[in-house]
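Everything on this sheet refers to the single structure shown next.
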Amino acid sequence: QANFAQARPPVSSSWPARFSPAGPLAMAWGLTSASTGIVAPLLIPSGDWLPVDLSGVGIAPGSVAGMHASVELAAAVLRHAPLLILVVLHLYVAGAGGAEVPPGSATEVDGDATETCSKALGFNESSGPKDRAYQDLMACDEHHKRTCCERNHTAKVRSALTSFAAERSPRCAKMGQLALCSVCDADVGVGTTSSANTVQLCPSFCRRWFEACIEDFFAPASAEGLSPCGPGSLVCSPLGEITQDPAEFCRRTGAPMGAAFAVPAPEEEPNGCFDGVPTARSKGPATKAPWVRPTRTSYGPPWWKRFLPQSLGISSLASDLQEYAPNVIIAFVAVFFGWYLWSSRD
């Protein structure tokens with residue numbers, strides 16, 4: 001009792017005795033060093049704490065009822081404030097947990113999860129297009145931010161680009177790059193602008209490609225194909241002499257990775273065919289792909305082995321030591337004996 005009496009906050013002498021917050025709750029608040037003036041509305045029953053005569057403080061008697069209602073409302077809010085805070089925190093945590101979508105899930109905002117890469121084109125069908133910019137892709141920079149291609153795919157595309165661009169005019173080489181890199185476009189990879197392993201080129205894009213290469217030399221290839229004229233070609237002719245049909249040129253030109261080109265009807269342009277504009281530019285980057293640093297490839301023996309004799313291998317080390325050991329011992333003894341004579345000549 002003595003401890004509670006010491007901890008109990010002082011009661012103002014201006015309050016009537018029946019308004020004194022001297023109950024157990026008041027003593028509990030006193031232990032927390034809380035101000036009695038602040039917590040008084042919480043400790044006294046409703047309607048009992050306001051003095052009857054307020055004329056001494058300049059408040060009209062008619063406004064007492066309004067003040068009483070406001071104070072009771074504030075007291076109720078303060079009583080339930082911890083509960084309200086807990087409810088708000090619970091709702092916030094639940095909302096944050098529901099808004100969090102793991103990468104690759106079906107409700108992902110950017111729609112990558114609803115788009116799976118085509119197995120017919122040699123892609124990994126368990127995932128959608130990814131952002132592989134500044135990773136290890138070897139060609140087709142315009143598609144890196146949204147593509148199904150990985151390093152091995154771009155290696156094949158680069159090989160086809162090297163073959164096509166050799167001895168071509170700049171315009172033909174550039175349009176050929178756009179066409180051959182179409183296999184790495186995200187819409188082509190997921191089948192939006194492709195069918196199985198066939199890339200659908202828009203008629204307008206195919207016509208621009210044909211017009212850019214109409215004066216370049218091409219040669220017939222196997223199975224009615226058409227390839228750029230190279231050192232091993234037997235008969236080469238300008239493209240304008242081989243065909244005047246842009247669609248025929250696009251269909252006969254082989255695509256990388258075992259794919260083929262086709263030219264759909266004009267009414268399918270531009271949504272059902274590739275028009276040369278990367279999907280990464282129209283839809284934005286996809287989800288960033290995880291990247292693992294490739295293991296370092298050794299292109300030769302360590303530098304210190306280059307100074308050893310070529311016959312000095314690990315397997316023949318014992319026999320080489322037996323062969324060179326007598327000479328090494330004799331040379332060491334001769335050097336030591338010469339040093340001894342030189343140091344003792346005085």
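The values are calculated or read from the model by the stated rules, or taken from the named source; none is laboratory data. What you are looking at is a predicted structure, and each value in this text was computed from that prediction instead of being measured. Ideal geometry is used to build each Cβ from the backbone, glycine not excepted, and the neighbour counts take in all protein chains shown. Keep in mind that these areas ignore ligands, DNA and RNA; they rest on the heavy atoms of the full protein, side chains included. Shrake-Rupley method; radii C 1.70, N 1.55, O 1.52, S 1.80 Å.
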Which number in (1) out of contact with any Pro (no Cβ under 9 Å at 6 or more places or on another chain); (2) among the small types (Gly, Ala, Ser); (3) within 21 Å of residue 240 (Cβ to Cβ) marks the one condition that residue 191 misses?
(3)
Quick check on my filter: what residues within the stretch 150-191 are assigned to a loop (DSSP other than H, G, I, E, B) and touching a residue at least 60 places away in the same chain (Cβ under 8 Å)?
166, 167, 168, 185, 190, 191
Of everything in the stretch 248-261, what is open to solvent by 20 Å² or more (accessible area, probe 1.4 Å) and either touching a residue at least 12 places away in the same chain (Cβ under 8 Å) or among the small types (Gly, Ala, Ser) (or both)? Give them in sequence order.
251, 252, 254, 257, 258, 260
Residues of the stretch 233-258 being under 16 Å from residue 206 (Cα atoms), in contact with a Gly (Cβ under 9 Å, 6 or more places away or on another chain) and modelled with pLDDT of 90 or more, which ones?
252, 253
Name the residue that is farthest from residue 278 (Cα to Cα), counting only residues in the stretch 123-149 that are of a type in the set (Gly, Ala, Ser) and modelled with pLDDT of 90 or more.
128
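The rows are residues; the columns are (1) of a type in the set (A, V, I, L, M); (2) part of a helix (DSSP H, G or I); (3) farther than 21 Å from residue 205 by Cα; (4) open to solvent by 80 Å² or more (accessible area, probe 1.4 Å).
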position: 124; (1), (2), (3), (4): no, no, yes, no
position: 128; (1), (2), (3), (4): no, no, yes, no
position: 133; (1), (2), (3), (4): yes, no, yes, no
position: 139; (1), (2), (3), (4): yes, no, no, no
Taking only the stretch 157-177 into account, find how many residues are modelled with pLDDT of 90 or more, among the charged types (D, E, K, R) and buried (at least 19 other Cβ atoms within 10 Å of the Cβ).
0
Would you point out the residue of the stretch 192-235, among those that are over 17 Å from residue 254 (Cβ atoms) and in a loop (DSSP other than H, G, I, E, B), that is most open to solvent (accessible area, probe 1.4 Å)?
234
Would you mind stating whether residue 98 is within 20 Å of residue 287 (Cβ to Cβ), assigned to a helix (DSSP H, G or I), modelled with pLDDT under 85 and open to solvent by 40 Å² or more (accessible area, probe 1.4 Å)?
yes
What residue, among those in the stretch 236-258 that are in contact with a strand residue (DSSP E or B) (Cβ under 8 Å, 6 or more places away or on another chain) and in a helix (DSSP H, G or I), is farthest from residue 156 (Cα to Cα)?
242
